[in-house]
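S.K.: There's a structure below that I have some questions on.
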Amino acid sequence: MHRLRSLIRNLFRRSRVERDLDQEIRTYADMLADEKAQGGMARPEAERAARIELGGIEQVKEQVRASRAGAWLDQLAADLRYGLRTLRRNPGFAAVTIVTLALGIGANTALFSVVNALLLRPLPYMDADRLMYITEFWPHEPEVSGSASPDFTNWRAHSHLSQQIEAYGGDRNVTLTSAGEAERVAGTAVTAGLLDMIGIQPALGRNFISEDDRPGAPPAVMLGYRLWQRRLGASADVIGKQIEMDGVGRTVVGVLPASFAFPDNNIRQEFLFPMGLSLEPGMRESDFRILHVLARRKPGVAPEALHAEFVELVRRTASEEPPQFVTMRKDMEIRLIPLRQWLTGGVSRAVLVLQAAVAMVLLIGCLNVANLQIARGIARRKEIALRTALGAGRARITRQLLTEGLLLSSVGGAAGLALGYWALNLLRSFLPASLHLADSIRIDPRVLAFTLALAIASGVVTGLAPVLAAARMRLDETLKEGSSRTTEPGSHHRLHRALVIAEVAIAMVLLAGSGLLVRSFGRMASLDPGFDAEGVLTQRVGLPARKYATNQSWSAFSSQLLERAAALPGVQNAAVAGGLPLIGTRSGVGTWFEGRPAPPPGGRPTIPMAGVSSDYFETLRIPLLRGRTFTAADREGSPSVVIVNQAFADQFFPGQQALGKNITQGRIGQNELKEIVGIVGNVRQEGLRTAAAPTIYAPYRQFPESEILLVLRSSLPPAALSTAAASAIRAIDPDVPVYDVATMLDRLAEARSTQRANMALMGMFAALALLLAAIGIFGVIAYMVNRRSLEIGIRMALGAQRSDVLKMVLGHGMILALIGIAIGLGGALAATRAMRTLLFEISPGDPSTLMASATLFAVVAAAACYIPARRAVRVDPMTTLRHD
Amino acid sequence: MAAEDLLPGTLDLPILQTLSLGPQHGLGISRRIGQITAGTFRVMPGSLFPVLHRMEEQGWLAAEWGESETNRKAKYYRLTKPGQRRLGKEKDRWDKVALAIRSALEAR
């Protein structure tokens with residue numbers, strides 16, 4: 001109670017308290033002097049003796065202050081005031097420090113919010129830690145994902161270690177015709193229990209139940225939130241109503257919540273419908289499909305155990321399967337991927353590498369500030385010594401310096417938080433658009449705590465450096481020291497140099513990493529994709545299944561479309577195709593070769609195949625290497641012909657002429673022969689990262705497809721052309737939707753975007769690191785030149801040439817830089833291995849890249865040394881020598 | 001022996017004891033302690049004043065300004081009720097410690 005009252009008094013009646021204290025101590029001194037004078041001393045002498053006995057009025061006062069209630073608050077306020085005053089006197093130092101820390105903390109905050117959203121925050125599904133994505137794959141095709149439906153039903157019926165197994169897949173693009181203009185919307189088939197398993201409650205209505213999911217059940221649908229808002233006016237009485245999809249009435253049973261994101265990045269669907277798969281275990285050829293399977297492990301079951309169980313279940317049923325499946329699935333393997341990894345696998349590595357990079361940038365920034373602080377700390381030795389003499393203890397000085405550091409870092413941290421918030425959108429745009437979890441990136445309490453921790457840590461690091469420097473100093477010597485330019489204890493230099501070397505080494509690692517990404521992007525950008533993207537516009541056209549049910553109707557539509565598109569003004573070439581470079585083909589067909597021994601059942605390779613019109617190769621400028629392209633004569637009823645790519649010829653006819661050979665497709669034994677009439681160049685069909693695989697092209701009239709791409713080459717601006725094309729399509733049939741309109745250049749840029757994003761971000765961080773390290777070198781050399789100006793002056797007075805001095809100073813700086821670069825190169829060799837998957841056609845330790853980065857760094861370091869070195873040689877010896 | 005050399009907090013007892021005899025100012029307390037301990041304790045102002053201010057904040061002492069015998073304006077400290085209770089407790093504690101140490105020293 002008393003303490004509290006005293007605290008209030010101490011805080012709010014400070015001047016009164018201080019006056020009393022002063023009066024009290026002075027009286028004590030006076031009375032002491034009185035005593036001594038009475039003892040016979042002369043008055044002035046008595047006063048002097050009293051002062052000595054007292055031990056300094058200010059020190060006693062300081063000791064009393066330190067014992068008071070709320071002393072720490074008091075001191076904090078004093079320290080803050082003092083710190084602010086010091087910083088105001090050094091606005092340049094304060095600004096450099098705050099900007100450095102703000103950049104470092106900002107970049108870390110932004111990146112950490114991505115790490116947080118992708119890797120730390122719980123997934124938006126119930127008990128997501130126990131959810132696994134199950135995929136079967138062939139070792140030679142590890143990217144293909146999905147599981148065979150017989151295995152799914154089999155696992156579902158017999159697995160003891162999983163709690164629940166559900167599946168999705170079988171995308172369907174349908175034409176929605178009720179309530180407004182015809183629109184192509186994408187949906188996905190799910191098993192009835194999927195939403196319940198992942199813990200999603202509908203916003204309206206109900207989830208699917210098993211009655212919806214029986215084969216032959218009345219068609220049901222759950223609408224996505226946005227589709228419900230857009231097409232159905234967000235009306236609540238839509239539940240139980242029918243909507244028309246592809247001419248089929250489907251009953252709306254529920255609406256998905258607004259926040260729902262499908263647990264698969266490849267699926268951004270607007271509605272879900274029941275799969276209608278028979279869930280009886282056992283192989284029925286008619287039911288065979290490729291599904292995506294999610295399973296929930298029972299609590300306490302390890303993923304490995306579940307994996308072993310699934311493998312065993314597949315092995316057990318193999319004997320019941322038709323022989324062609326047994327062959328096909330002979331060397332198939334099963335992989336269980338934790339759901340989080342399935343959802344972030346593509347980018348988590350890049351995000352972690354970038355997080356490590358920004359952490360290094362912040363570390364360099366802190367080292368830089370620490371270095372500046374040490375330099376200042378040495379310059380401030382007198383001030384500190386004076387304060388010590390006035391009664392401030394070592395702890396008090398340390399606290400003062402730490403307060404200054406924390407003051408700087410909290411301002412830097414606040415600015416960094418603002419910067420990080422701003423950078424979030426930038427960062428989001430660098431992530432692949434497909435990433436569902438990217439929508440949840442934001443600054444949440446965890447990110448805030450992280451930022452706060454960074455600010456405090458950097459404050460301590462930057463504040464402690466001068467403390468270390470101050471701890472080495474001796475009071476009396478400092479105060480006696482006449483010149484501010486005498487040599488200092490070597491330990492300061494050592495600390496200084498070590499910090500700069502560390503900075504350079506870390507920055508070197510970043511520079512090497514970004515160099516590798518720059519080279520990767522360069523390789524990707526200069527990669528010949530096999531076609532000419534310039535001036536090509538593409539758009540997808542989807543034929544509604546009800547209206548266009550037959551092959552004839554598909555090819556008739558395509559012919560009409562081609563005719564109208566070619567007649568559009570400004571169009572040089574027009575083509576339709578069932579596939580496109582970079583986005584792949586829709587179809588893959590089991591293929592064999594005439595005259596070769598029949599493959600084992602299921603042993604035929606499945607080759608991507610696209611029906612294209614005669615002008616397709618000309619439109620994309622894909623070179624015809626041999627033979628001919630298709631003509632109008634390649635149509636229904638005429639002999640079946642195909643064109644293959646070079647990769648096909650190389651793989652299946654090595655050392656032979658592929659032209660004129662026949663391939664066989666279709667049911668085994670039916671032997672539908674197709675003659676290879678042409679060979680064309682390879683294109684990057686499945687994205688830029690994947691080398692061209694064997695591909696087959698067929699005339700669209702012999703291989704019609706219901707979803708086609710219209711490909712136009714023109715000198716017209718894309719916007720005008722797409723409008724013209726859309727109206728041409730509407731003139732044929734207004735119920736046919738056009739979607740996914742993009743120029744080939746857009747698609748190329750999209751394919752390069754991840755590589756470009758990694759390069760841009762890493763490049764940005766490396767540039768920042770390089771700049772900071774250069775500032776660090778500059779600071780140390782400038783400081784050295786300043787401190788040694790006397791020595792330099794003497795040397796020059798004794799006849800040293802300017803070039804000698806220049807060489808000395810440059811040499812001094814470059815030794816530090818080169819040591820740092822060498823250490824950094826060693827670190828880079830180890831660290832860049834973590835980036836292997838981010839690189840494109842370059843190895844992590846690529847010597848020419850490392851050398852180029854090191855050279856660049858050396859040049860920048862030389863420049864950073866040269867500026868202060870120039871100043872050193874401009875020193876006029878007379879001025880320096882006269883200075884003291 | 002300077003008071004700082006003793007156990008921390010040991011200065012409390014002599015100060016409380018001194019003030020139990022009547023109000024006194026800083027120098028007076030210091031001199032009085034010197035007298036009663038026959039010069040064993042030399043209380044320096046650097047340790048005396050922090051303790052006085054702390055005990056005042058704890059409510060054991062009260063202070064007011066008064067005129068000294070040499071006509072100087074001095075701050076006089078006096079014992080409060082809680083201070084008197086404190087003194088009693090401190091004495092008991094000290095007696096116990098002293099007894100314990102003595103028995104430890106005399107133990108055979």
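The values are calculated or read from the model by the stated rules, or taken from the named source; none is laboratory data. Note that the structure is a prediction, hence the values are computed from the model and not measured. Positions of Cβ are backbone-derived with ideal geometry, glycine not excepted, and every protein chain shown enters the neighbour counts. Surface accessibility is based on the protein's heavy atoms, side chains included, excluding ligands, DNA and RNA. Shrake-Rupley method; radii C 1.70, N 1.55, O 1.52, S 1.80 Å.
S.K.: Select from region A:9-26 the residues that are within 11 Å of chain B (Cβ to nearest Cβ) and open to solvent by 90 Å² or more (accessible area, probe 1.4 Å) and list them in ascending order.
M.R.: A:R26
S.K.: In region B:40-88, how many are touching a strand residue (DSSP E or B) at 6+ places or on another chain (Cβ under 6 Å), within 8 Å of chain A (Cβ to nearest Cβ) and open to solvent by less than 10 Å² (accessible area, probe 1.4 Å)?
M.R.: Number satisfying all stated conditions: 2.
S.K.: Let me ask something else about it. Write out, first by first residue and then by second, each pair whose Cβ atoms fall under 6 Å of each other, whose residues are 6+ apart or on separate chains, and whose first residue, in region A:303-320, is over 13 Å from A:T135 (Cβ atoms) while the second is aliphatic (A, V, I, L, M) and assigned to a helix (DSSP H, G or I).
M.R.: Partner pairs satisfying both residue conditions: A:A318/A:V326.
S.K.: Only residues that are at pLDDT 80 or above and open to solvent by 40 Å² or more (accessible area, probe 1.4 Å): list them for region A:171-211, please.
M.R.: Passing the criteria: A:E183, A:D196, A:Q201, A:A203, A:L204, A:G205, A:R206, A:I209, A:S210, A:E211.
S.K.: Of the residues in region A:147-161, how many are surrounded by fewer than 23 Cβ atoms within 10 Å (Cβ to Cβ) and either part of a strand (DSSP E or B) or not assigned by TED's automatic domain parsing to the domain that holds A:R231 (or both)?
M.R.: Result for region A:147-161: 1.
S.K.: Could you please let me know if A:E488 is modelled with pLDDT under 75, open to solvent by 10 Å² or more (accessible area, probe 1.4 Å), over 30 Å from A:V351 (Cα atoms) and of a type in the set (D, E, K, R)? Spell out the reasoning first.
M.R.: Details: modelled with pLDDT under 75: yes; open to solvent by 10 Å² or more (accessible area, probe 1.4 Å): yes; over 30 Å from A:V351 (Cα atoms): yes; of a type in the set (D, E, K, R): yes.
So A:E488 fits the description; yes.
S.K.: Given (1) without any contact (Cβ under 8 Å) to a residue 60 or more places away in the chain; (2) more than 35 Å from the chain's Cα centre (by Cα); (3) open to solvent by 40 Å² or more (accessible area, probe 1.4 Å), where does A:A749 come up short, assuming only one miss?
M.R.: Against the list (1) without any contact (Cβ under 8 Å) to a residue 60 or more places away in the chain; (2) more than 35 Å from the chain's Cα centre (by Cα); (3) open to solvent by 40 Å² or more (accessible area, probe 1.4 Å), A:A749 comes up short only on (2).
S.K.: Another question about this same structure. Under 7 Å between Cβ atoms, which residue pairs at least 6 apart in sequence (or on different chains) link something in region A:522-543 that is on the phi > 0 side of the Ramachandran plot with a partner that is of a type in the set (G, A, S) and not in a loop (DSSP other than H, G, I, E, B)?
M.R.: Cβ pairs passing all conditions: A:G535/A:S714.
S.K.: Also, I was wondering about something else. Within region A:103-120, does at least one residue satisfy the condition of being of a type in the set (A, V, I, L, M), open to solvent by less than 20 Å² (accessible area, probe 1.4 Å) and over 25 Å from the mean Cα position of the chain (by Cα)?
M.R.: No, that holds for no residue.
S.K.: Name the strands (runs of 3 or more DSSP E) wholly within region A:222-293 that hold at least 1 residues that are closer than 13 Å to A:V185 by Cα?
M.R.: On the way: elements: A:242-245, A:248-255, A:271-274.
The strands (runs of 3 or more DSSP E) meeting that bar are A:242-245, A:271-274.
S.K.: Pairs under 7 Å by beta carbon, first residue within 13 Å of chain A (Cβ to nearest Cβ) in region B:13-32, partner in a helix (DSSP H, G or I) and of a type in the set (V, I, T), six or more apart or different chains?
M.R.: Every condition considered, the pairs that remain are B:Q24/B:T18; B:I29/B:I15; B:I29/B:T18.
S.K.: Tell me, please, whether a residue that is in contact with a Ser or Thr (Cβ under 6 Å, 6 or more places away or on another chain) and within 30 Å of A:A350 (Cα to Cα) can be found in region A:727-741.
M.R.: yes
S.K.: Let me ask something else. Give the residue, chosen from A:R635, A:R621, that is in contact (Cβ under 8 Å) with a residue 40 or more places away in the chain, within 38 Å of the chain's Cα centre (by Cα) and either part of a loop (DSSP other than H, G, I, E, B) or loosely packed, with under 14 Cβ neighbours inside 10 Å (or both).
M.R.: The match here is A:R621.
S.K.: Would you say A:G92 is open to solvent by 40 Å² or more (accessible area, probe 1.4 Å) and either of a type in the set (A, V, I, L, M) or at pLDDT below 85 (or both)?
M.R.: yes
S.K.: Further, regarding this structure: Filter region A:677-731 for residues that are open to solvent by 30 Å² or more (accessible area, probe 1.4 Å), closer than 24 Å to A:P623 by Cβ and among the polar types (S, T, N, Q) and give the result.
M.R.: A:N682, A:T690, A:Q702, A:S715, listed by residue number.
S.K.: Is it true that some residue in region A:753-763 is surrounded by fewer than 20 Cβ atoms within 10 Å (Cβ to Cβ), touching a residue at least 40 places away in the same chain (Cβ under 8 Å), touching a strand residue (DSSP E or B) at 6+ places or on another chain (Cβ under 7 Å) and on the phi < 0 side of the Ramachandran plot?
M.R.: No: zero hits.
S.K.: Between A:L372, A:L402, A:L386, which is under 30 Å from A:A760 (Cβ atoms) and either over 31 Å from the mean Cα position of the chain (by Cα) or in the same structural domain as A:A760 (by TED's automatic domain parsing) (or both)? Show your work before the answer.
M.R.: Details: A:L402 fails: under 30 Å from A:A760 (Cβ atoms); A:L386 fails: under 30 Å from A:A760 (Cβ atoms).
Being under 30 Å from A:A760 (Cβ atoms) and either over 31 Å from the mean Cα position of the chain (by Cα) or in the same structural domain as A:A760 (by TED's automatic domain parsing) (or both) holds for just one of A:L372, A:L402, A:L386, which is A:L372.
S.K.: So, of the residues in region A:732-742 that are closer than 19 Å to A:Y548 by Cα and either part of a strand (DSSP E or B) or open to solvent by less than 20 Å² (accessible area, probe 1.4 Å) (or both), which turns out to be modelled with the highest pLDDT?
M.R.: So, considering only residues that are closer than 19 Å to A:Y548 by Cα and either part of a strand (DSSP E or B) or open to solvent by less than 20 Å² (accessible area, probe 1.4 Å) (or both), the one modelled with the highest pLDDT is A:D733.
S.K.: So, in region A:234-277, exactly how many residues are open to solvent by less than 40 Å² (accessible area, probe 1.4 Å) and touching a residue at least 40 places away in the same chain (Cβ under 8 Å)?
M.R.: Residues that pass the stated criteria total 24.
S.K.: Let me ask something else about it. What number of residues within region A:792-847 are part of a helix (DSSP H, G or I) and acidic (D, E)?
M.R.: 1
S.K.: Now, a different point. Looking only at residues that are in a loop (DSSP other than H, G, I, E, B) and in contact with a helix residue (DSSP H, G or I) (Cβ under 7 Å, 6 or more places away or on another chain) in region A:169-207, which one is nearest to A:V736 (Cα to Cα)?
M.R.: Of region A:169-207, the ones in a loop (DSSP other than H, G, I, E, B) are A:177-182, A:191-193, A:198-203, A:206-207.
Restricting the remaining residues to those that are in contact with a helix residue (DSSP H, G or I) (Cβ under 7 Å, 6 or more places away or on another chain) gives A:179-180, A:191-192, A:203, A:207.
Working: A:A179: 16, A:G180: 14, A:T191: 30, A:A192: 31, A:A203: 31, A:N207: 31 Å.
The extreme case among them is A:G180.
S.K.: Determine whether A:M814 is open to solvent by 30 Å² or more (accessible area, probe 1.4 Å), in contact with a Cys (Cβ under 7 Å, 6 or more places away or on another chain) and hydrophobic (A, V, I, L, M, F, W, C).
M.R.: Numbers: open to solvent by 30 Å² or more (accessible area, probe 1.4 Å): yes; in contact with a Cys (Cβ under 7 Å, 6 or more places away or on another chain): yes; hydrophobic (A, V, I, L, M, F, W, C): yes.
Yes; evaluated as a whole, the condition is true for this residue.
S.K.: Taking helices (runs of 4 or more DSSP H) that fall entirely within region A:27-134, which contain at least 3 residues that are within 13 Å of another protein chain (Cβ to nearest Cβ) and over 30 Å from A:I165 (Cα atoms)? It would help to see each step written out before you state the result.
M.R.: Working: elements: A:43-54, A:57-67, A:71-89, A:91-115.
Fully inside region A:27-134 and qualifying: A:43-54, A:57-67.
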